[in-house]
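> Quick one: this structure, given as structure tokens, is what I'll be asking you about.
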């Protein structure tokens, strides 16, 4: 008897409805594994970025401290030699302060010069404060400046007052108003009655290349660490346990070092005496010229000069011609 076509064996092919379910489970498991790996990689990457940013901030903090307490005069001398001379004047008690600035990380380093008055009563003379309205000095200034420039100055003063609300001594009421007025006076140009003493940025061109500070600022701007900084990075990132360790770290950052490695001196042995091999030669001789490279390689070149031989050849040629 023939078997019925409706009966199916146990090892027969599965239906089409079961295949998509198994494939879907496999794909979902793989997707979950890939998502977990990406999440883990993102956590590790974020932790690494935090570590790098903290390390860079510690190095920049060492740079700011070393610049303020160790090499303030050397840095200011490259920025402005005239202001550096005032910093050395004992009668002018000036202080250069450094701090961080910027809206993004890593921050930039800025500096500003402060003058310690010590209740000596230093007075800053400004034409804006000395020239009172409806005075003869204002009329003379109007004639000298001209109508157009005079009105431009008046409009600029009114614009500053409308923007900051505290632009004159008469506007100061509280301590906060006084601090705001002092800050505005420092940042205002001298042509507008200010001191023109604002926070200036410290660039790589203002830092000597022989200092470790240059490598730190270059690392913050370009992201490329130098070999010299790589050697001292581990020690600089350590938390100073004593005052001596902190001063040693600042000394490393501000110490002047040579750009090129110091090769050991090479003795050049040059024998300028005449050779004993030719004692009968009148002006002939044997000399050695030692050529020494940076790695100590020496090349000895022997130069033989026989003037008498040349004279004999010339005499023999004259006799043959005769």
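Throughout, read-outs are computed from the coordinates displayed, never taken from laboratory work. Quick caveat: nothing in here was measured; it's all calculated off a predicted structure. Here Cβ is always computed from backbone atoms with ideal geometry, including for glycine, and neighbour counts include all displayed protein chains.
> Highest mean first, how do 127-138, 185-196 rank when packing is the count of other Cβ atoms within 10 Å averaged over residues? Could you put the intermediate results ahead of the total?
Numbers: 127-138: 10.7, 185-196: 14.9.
Per-residue Cβ counts within 10 Å, averaged per peptide and sorted highest first, yield 185-196, 127-138.
> Something else now. Using alpha-carbon positions, what is the distance between the centroids of the stretch 210-240 and the stretch 160-207, in Å?
35
> Would you please state which residues of the stretch 181-208 a label at residue 164 would reach in this model, taking the label point 7 Å out along Cα→Cβ and a backbone N cut-off of under 20 Å?
Hits in the stretch 181-208 for residue 164 at 20 Å: 181-201.
> Given R₀ = 22 Å, FRET efficiency for residue 243-residue 97 by Cβ-Cβ distance, to 0.05? Walk me through the intermediate numbers first.
Numbers: r = 21 Å, r/R0 = 0.97.
Taking R0 as 22 Å, the efficiency between residue 243 and residue 97 is 0.55.
> Please give the peptides 28-41, 151-164 ranked by average Cβ packing (other Cβ atoms within 10 Å per residue), highest first, as a rough proxy for protection. Each step should come with its number before you reach the end.
Working: 28-41: 10.0, 151-164: 12.5.
Put in order of decreasing packing, that is 151-164, 28-41.
> Here's something else I'd like to know. Once you keep just the Cα pairs under 8 angstrom separated by 6 or more residues, what percentage relative contact order results for the stretch 134-194? Working shown, then result.
Working: 23 pairs, mean separation 11.8, N = 61.
About 19 percent, as a whole number.
> At what distance in nm do the modelled label points of residue 198 and residue 226 sit from each other, each positioned 7 Å from its Cα along Cα→Cβ?
Roughly 3.0 nm, to one decimal.
> Neighbouring Cβ atoms within 10 Å as the yardstick, rank 210, 242 fewest first. Working shown, then result.
Details: 210 12, 242 8.
Arranged by neighbour count, lowest to highest, 210, 242 become 242, 210.
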